[in-house]
1. Is it the case that some residue within region 123-144 is part of a helix (DSSP H, G or I) and surrounded by 15 or more Cβ atoms within 10 Å (Cβ to Cβ)?
2. For region 235-257, which positions are closer than 14 Å to ASN320 by Cβ and without any contact (Cβ under 8 Å) to a residue 40 or more places away in the chain?
3. Scan (1) under 22 Å from ASP117 (Cα atoms); (2) touching a Leu at 6+ places or on another chain (Cβ under 7 Å) for the single condition SER154 breaks and write down its number.
4. Going through region 364-410 one residue at a time, which ones are hydrophobic (A, V, I, L, M, F, W, C), out of contact with any strand residue (DSSP E or B) (no Cβ under 6 Å at 6 or more places or on another chain), in contact (Cβ under 8 Å) with a residue 12 or more places away in the chain and closer than 19 Å to GLU45 by Cα?
5. On the basis of being surrounded by fewer than 19 Cβ atoms within 10 Å (Cβ to Cβ) and without any contact (Cβ under 8 Å) to a residue 24 or more places away in the chain, does ALA337 make the cut?
6. Can you tell me which condition ALA266 does not meet? The list is (1) touching a residue at least 24 places away in the same chain (Cβ under 8 Å); (2) surrounded by 15 or more Cβ atoms within 10 Å (Cβ to Cβ); (3) not charged (D, E, K, R), and all the others hold.
7. Test ASP317 against the criterion of being without any contact (Cβ under 8 Å) to a residue 60 or more places away in the chain, charged (D, E, K, R), under 30 Å from TYR242 (Cα atoms) and surrounded by fewer than 17 Cβ atoms within 10 Å (Cβ to Cβ), and give yes or no.
8. Quick check, is PRO241 touching a helix residue (DSSP H, G or I) at 6+ places or on another chain (Cβ under 9 Å) and surrounded by 17 or more Cβ atoms within 10 Å (Cβ to Cβ)?
Amino acid sequence: MQGWGASGRGGPLAGVKVLDFSRILSGPYATMVLADMGADVIKVEPLGRGDETRGFPPFHGPLSHYFIALNRNKKSLALDLKDPRGAEIARALAAEADIVIENFRPGVMERLGLGYDTLAADNPGLIYCGISGFGADSPLQDKPAFDIVAQALSGVMSVNREPGQPPNKLGLPLGDMAGSIFSVFGVLAALHERDRTGKGRRVEVAMLDSLMAMLGYLSQIYFVTGNAPQPVGTKHPSIVPYGAFPTSDGHVIVACLTETFWKNFARCLGMEELTTDPRFAEYRARLANREALETLIDARMRTESTEHWLARLDEFDVPNAPILDVAQALEQPHVAARGLVETVTHPQAGDMRVLRGPIRFGGEPAAASSAPPLLGEDTLAVLSDILGKDRAACERLVAEGVVAVPERETAPAEED
């Protein structure tokens, strides 16, 4: 096991040191994206349980599916931050770090003696990113926040349903992931700024802010009309035809975002006369007569199978797709051709398939990933290789419960 900054994976962020105090999803996804791009990430976890997601079933060997999905390419340091000696270890690592990321409620890191002001005093170039549910100046700052809470407060759940049906959360945990994604934007911008100024910066991201930033044209519908957008299911609030249409044995997605695609679709249906019907000829007319048009399309598409329509839609150059489940999506030819799934080997869990990051540099996918770590798997390497502690000091910290290592692991042998 090599020290910090020597992961050997390469990538645009090679040599960037990230100290990760985050857990569950909103922070770990961000640090995994940084690790995928070559950053060396040390994940600080509490003793005993580690990241809470380590306990979420189902499991692959000793590892939770949830933990596997968010923690590839990281090192694990099991550390008691409430012990002054543990906090001192964290401060020593932060003094060498380029980026710190945490997702506690506002004020927690300050109470641990690990807030931005404290860490930046020792490391003026530090980029410190705090992810929270609502932000320190929000009236909701003390409210616990999880993905579904952010979704509910953002308005997303109100439109994520068929008309007349109860509100529903997105299948993806986008409240958490939005916070992660905007955090990556923020820390990379601050890293670029530091190259020019030599100074770090505090970056603050709220999950709710991030998800609301993704409302896009839905927010503008309200600002322009004064009315909240209403649920339309798979359909589009202002583009017709768009969404899932029934076939004789299922459904097909069709997306006519341009007039060209609408005309192609009408020809595909054998109903080219629709393009000259004044009810359907232009965007506004189709929107005003949505129900009449969709009734005609539904009746036509129900006469043939999904396979028939997918082939015909391709023939007429109409954007389309079958609706795949997650298993089908992961096994489709596109995923194999793009190398989006890879196999990594874990010392206890054995081989496991994991997703790869989507970003390519120079046309090539990222370097092969390392398996998610056991709790405390890299504790001894961090203490000895990075902080320079000798065998006796490592053993004492383990024995006194300041740090933890996996069972049967011992302190590194002294060099001759």
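1. So the first thing to find is which residues in region 123-144 are part of a helix (DSSP H, G or I), and the list is none.
Looking for residues that are part of a helix (DSSP H, G or I) and surrounded by 15 or more Cβ atoms within 10 Å (Cβ to Cβ), one finds none in region 123-144, hence no.
2. Correct list: TYR242, GLY243.
3. (1)
4. Answer for region 364-410, where residues must be hydrophobic (A, V, I, L, M, F, W, C), out of contact with any strand residue (DSSP E or B) (no Cβ under 6 Å at 6 or more places or on another chain), in contact (Cβ under 8 Å) with a residue 12 or more places away in the chain and closer than 19 Å to GLU45 by Cα: LEU374, LEU380, ALA381, LEU383, ILE386, LEU387, CYS394, VAL398, VAL402, VAL405.
5. Details: surrounded by fewer than 19 Cβ atoms within 10 Å (Cβ to Cβ): yes; without any contact (Cβ under 8 Å) to a residue 24 or more places away in the chain: yes.
Taking the combined requirement at face value, the residue satisfies it.
6. (1)
7. yes
8. On the way: touching a helix residue (DSSP H, G or I) at 6+ places or on another chain (Cβ under 9 Å): yes; surrounded by 17 or more Cβ atoms within 10 Å (Cβ to Cβ): yes.
Yes; evaluated as a whole, the condition is true for this residue.
The values are calculated or read from the model by the stated rules, or taken from the named source; none is laboratory data. From a predicted model like this one, the values you see are computed outputs, not experimental measurements. Cβ atoms come from the backbone with ideal geometry, glycine included; neighbour counts cover every protein chain shown.
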